[in-house]
Amino acid sequence: MLVILYLGLCLLCGYWGRNTFAGPVGFFLLSLMLTPFVGLLILIFAHKKDATHSQDT
């Protein structure tokens, strides 16, 4: 039961980190290796990717 909770928190951390420098897989692996709590702390201080989409109209 605890393993499922741990993996669920790691997946959630990866989902929240989808627009950051490491991406969802990076934050999932980071929280899996360290802990989801540490992954979320890093996520709080992580910078988001620049959304510079040039639209030609």
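Ordering of 31-39, 17-25 by packing is 31-39, 17-25, highest average first (other Cβ atoms within 10 Å, averaged per residue).
Overall size of region 1-44 from C-alpha positions, given as principal axis extents largest first: 31, 14, 14 Å.
Where a number appears in this text, it was derived from the coordinates with a stated rule and is not lab data. This one's a predicted model, so the numbers in the text were calculated from it and none came from an experiment. Cβ sites come from the backbone with ideal geometry, for glycine too, and all protein chains shown count toward neighbours.
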